Each structure stands twice: as C-alpha cells, then as structure tokens.
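Trainee: I am attaching a structure below and will ask some questions about it afterwards.
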C-alpha cells in the first residue's frame with residue numbers, strides 16, 4: 001500500500017479539499033458592480049444547428065430582456081442547418097446568418113465574430129453597427145430578464161469577460177435532469193463563485209458568457225475542439241484576461257432526459273476535458289514551475305472529474321488506518337461541497353432521489369466514456385439529441 005499515498009493525495013485529497021475550499025469561500029458575499037447609467041450595445045449571439053423545435057421560443061425569451069430595446073439584438077447563426085431553423089428564428093424577431101462549411105460551435109462563433117467585428121457604427125436597424133460586447137446563449141436556453149443589465153454593469157466596471165450562472169431549465173423532467181441540476185449547481189455555480197472570490201478566473205462554460213469587443217479583438221475565438229469553451233478560456237488566461245462571474249443572472253438550458261442524448265453530451269464533455277488535459281497540462285506546469293502563477297488558473301480548469309476523486313478516496317478505504325481516516329475526511333468534504341451547491345443553486349428536496357440514482361449514474365457515466373474511447377479513437381462534433 002506504499003504506492004497508495006501518492007495516488008490518494010493527487011487524485012483524491014487535493015481535489016476534495018479544493019472543492020471544500022471553494023464551498024467555504026463562496027459563502028463570502030462579494031460586492032457586485034454598481035448599476036451603470038449608460039447602456040452598452042450588446043449582441044446576443046445564438047449558435048444553432050437544426051434547432052427548429054425550440055429556436056422560436058428561445059428568441060422570444062431573449063427579446064424580452066429588461067434592457068433598452070435599441071441597445072441589443074438577437075443574432076442567430078443557422079449553422080449547416082437542414083431544417084427550418086433560419087426561417088423560424090427570423091419569424092420570431094432574430095437577425096439570422098446562414099452558414100455552411102466546417103460544422104462546430106467554435107467554428108461558427110469564430111466566423112460570426114469576425115463578421116461582427118468588421119462593422120463600424122452602431123445604429124440599430126442600419127447595415128453598419130458596432131457592438132460593444134457579445135453574449136453567447138445556446139439555442140435551447142432561456143435567459144434571466146436582467147442578464148444584459150448585469151453584463152453591462154460588469155463591463156462598465158472594467159470586466160473583459162463574464163460568465164453568468166448556467167443551470168437547468170427542466171429539472172423536473174426526470175432523474176437525469178435532476179442529476180444534471182445538482183452537478184451544474186457545483187460546476188457552473190458554486191465553483192466559479194468560489195474561484196472568483198479567491199481572485200481566480202471563473203472560467204467559461206459555453207453558455208451565457210459575455211465578451212467585450214476589445215477582448216475578441218485581442219483574442220480571436222480560434223477554439224475548434226469539442227470543448228471550445230474550455231479551450232478559449234485557456235487562451236484568455238494566456239493573454240492575461242480573467243473571467244468574472246455573476247450568480248444573480250442565469251442562463252438555463254433544457255437538458256436531455258433520454259439516455260442517448262445524455263450520453264452524447266457526457267462523452268463530449270468528459271473526453272473533451274481529457275483532450276485539453278493532454279494538450280495543456282505539461283505546458284501549464286512548466287509555466288508554474290518558472291514562477292508564472294497565472295498558470296494556476298488554467299491548471300484548476302484541468303482538474304479530473306470528481307468521479308475519479310471519489311474512486312481514489314474509496315480505494316483509500318482499503319489502506320492503512322491513516323489512509324482510511326484521510327479518505328473519510330475527503331469524502332465528507334466532497335459531500336459538504338455538493339450539499340452547499342444544492343443549497344445555493346439547486347434543490348435540497350431533490351437530494352434523496354439523487355442519492356438513490358447516484359451509484360448507477362457514476363457507473364453509467366464511467367462506462368459510457370470508456371466505451372467511447374474503445375470505439376472511437378477520435379471524437380468528432382455531434383449534436384445532442386433533443387427529447
């Protein structure tokens with residue numbers, strides 16, 4: 001069991017106590033920026049691929065923002081669509097750009113941002129408009145009515161990038177959506193809240209992130225992987241730009257409740273993260289060893305999934321009395337973190353049902369990811385099947 005200590009420390013205890021630290025510091029009240037008097041022009045950008053079933057509802061929700069109507073517009077990127085996404089988005093009140101070529105969310109966003117940055121003057125309804133910022137929202141999502149106001153306040157206070165809290169729109173739809181609500185309450189709520197309190201970059205989670213025009217000009221959205229949000233966040237950190245976080249305004253997406261859609265989504269998230277770990281872990285470690293503490297922000301983003309930490313801690317229960325003690329402390333710390341996440345951003349009432357399904361969820365998640373590794377050495381871009 002001599003080899004168990006380093007495995008337990010690296011893969012179990014460090015992630016567990018880091019999660020515990022984030023849960024503790026997230027309780028501290030951070031001062032929000034004051035209400036800005038002026039209103040920046042903000043383009044809400046919606047990348048959409050064959051989203052005819054819900055794009056109209058999404059656009060109508062986005063247009064109902066509590067923000068001066070002349071200072072924002074909804075832009076839908078109909079990316080390689082074979083259905084009525086473009087027509088329905090336009091009918092709902094969006095400005096639509098139909099795109100063909102290499103599919104992928106990152107590729108679509110980069111092409112559209114380049115197009116948007118070429119505009120010269122902001123004048124609603126004219127052919128030439130200059131937008132001060134963009135807010136990216138997925139095609140299956142709803143937005144808090146004050147989201148643009150919150151973005152405006154942060155940008156006017158000096159933020160270069162901002163992530164809104166990203167949650168689940170349909171948690172009552174089934175046990176999978178409840179499980180995702182609980183998981184995202186940690187990953188997209190408690191963790192970025194704690195990171196921002198510690199002075200770290202909150203990160204970008206792909207939905208509900210706002211970028212200032214200057215940020216896009218300095219760091220083009222050249223992120224084409226299956227986890228383009230994580231890839232772009234690492235690019236921002238390399239440029240010295242940290243992402244702010246706000247939990248007041250949220251973006252919530254409809255999560256798949258059937259196994260096929262949920263599995264596609266899970267494989268993309270987990271395998272994409274491992275891809276980023278392989279590509280960026282060693283370069284970031286070298287920067288940190290040379291005294292570049294900004295690399296720590298990126299390393300935090302590359303932490304392995306919590307399921308691996310739980311597995312390492314459970315393995316530690318088979319070791320010496322000291323290893324068992326530390327493993328129990330680590331497991332209790334993780335439990336505290338997720339309890340706090342549910343209390344702040346999820347549902348405490350749903351915890352008993354989550355506990356019942358949790359063992360199956362962890363086993364299924366692990367099997368789906370590893371089986372995809374055996375079947376597909378390279379994972380391309382795949383749309384999540386909707387219910």
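Trainee: Can you give the extra length, in nm with one decimal, that the chain gains between residue 14 and residue 66 once fully stretched, where that is 0.36 nm per residue apart less the Cα-Cα distance?
Mentor: 14.5 nm
Trainee: On a 0 to 90 degree scale, rounded to 10, what angle separates helix 14-25 from the longest Cα axis of the chain?
Mentor: Approximately 60 degrees, to the nearest ten.
Trainee: By per-residue mean of other Cβ atoms within 10 Å, what is the highest-first order of 92-101, 76-85?
Mentor: Going from most to least packed, we get 76-85, 92-101.
Trainee: Taking the Cα atoms of segment 42-273, report the difference between the largest and smallest coordinate on each principal axis, in whole Å and largest first.
Mentor: Taking max minus min along each principal axis of the Cα atoms, segment 42-273 gives 47, 43, 34 Å.
Trainee: Sorting check: for 342-352, 146-156, 30-40, which peptide has the highest mean count of neighbouring beta carbons within 10 Å, and how do the rest follow?
Mentor: 146-156, 342-352, 30-40
Trainee: What is the projected area of the convex hull of the Cα atoms of segment 23-122, averaged over all directions, in nm²?
Mentor: Approximately 9.3 nm², given one-decimal rounding.
Trainee: To continue, here is another question. Taking just the alpha carbons, could you work out the radius of gyration and Dmax for segment 46-104, both in angstroms?
Mentor: 11.5, 36
Trainee: Mind checking the full-extension length gain between residue 367 and residue 54? Use 0.36 nm per residue of separation minus the Cα-Cα distance, one decimal, nm.
Mentor: 109.6 nm
Trainee: Separate question: Kindly provide the helix-only [θ] at 222 nm of the chain, computed as the sum of -39,500 (n - 2.57) over DSSP H runs of four or more divided by all residues, to the nearest 500 deg cm²/dmol?
Mentor: My calculation for the chain gives -15500 deg cm²/dmol from helical runs alone.
Trainee: On to the next question. Work out the FRET efficiency for residue 317 and residue 355 from their Cβ-Cβ distance, taking R0 = 25 Å, and round it to the nearest 0.05.
Mentor: 0.85
Trainee: Suppose a student asked you for the relative contact order of segment 42-273, using Cα pairs under 8 Å spaced at least 6 residues apart; what percent would you report?
Mentor: Relative contact order for segment 42-273 comes out at 23 percent.
Trainee: While we're looking at this one, here's another question. What would the Debye formula give as log10 I(q)/I(0) at q = 0.12 Å⁻¹ for the alpha-carbon point model of the chain, no solvent?
Mentor: -0.96
Trainee: Nearest 0.05, what FRET efficiency do residue 172 and residue 217 give at R0 = 45 Å with Cβ-Cβ as r?
Mentor: Using R0 = 45 Å, I get an efficiency of 0.60.
Trainee: Measure nothing but the geometry: give the 0 to 90° angle between the long axis through the Cα atoms of 228-238 and the longest principal axis through the Cα atoms of the chain, rounded to 10°.
Mentor: 90 degrees
Trainee: Expressed in nm to one decimal, what extension gain is obtained for the pair residue 329 and residue 308 from 0.36 nm per residue of sequence separation less their Cα-Cα distance?
Mentor: Here the segment from residue 329 to residue 308 would lengthen by 5.9 nm.
Trainee: Shifting gears a bit: May I ask you to derive the FRET efficiency for residue 339 and residue 118 from their Cβ-Cβ distance with R0 = 45 Å, giving the value to the nearest 0.05?
Mentor: Using R0 = 45 Å, I get an efficiency of 0.40.
Trainee: Could you tell me how many degrees, from 0 to 90 and to the nearest 10, lie between the Cα long axis of helix 321-345 and the main elongation axis, the longest principal axis, of the Cα atoms of the chain?
Mentor: So the helix axis and the longest Cα principal axis differ by about 30 degrees.
Readers should treat all values here as calculations from the given coordinates under stated rules, not as data from a laboratory. Bear in mind the structure is a predicted one, so any value in this text is a computation, not a measurement. Note that each Cβ is placed from the backbone with ideal geometry, even for glycine, and that neighbours are counted across all protein chains shown.
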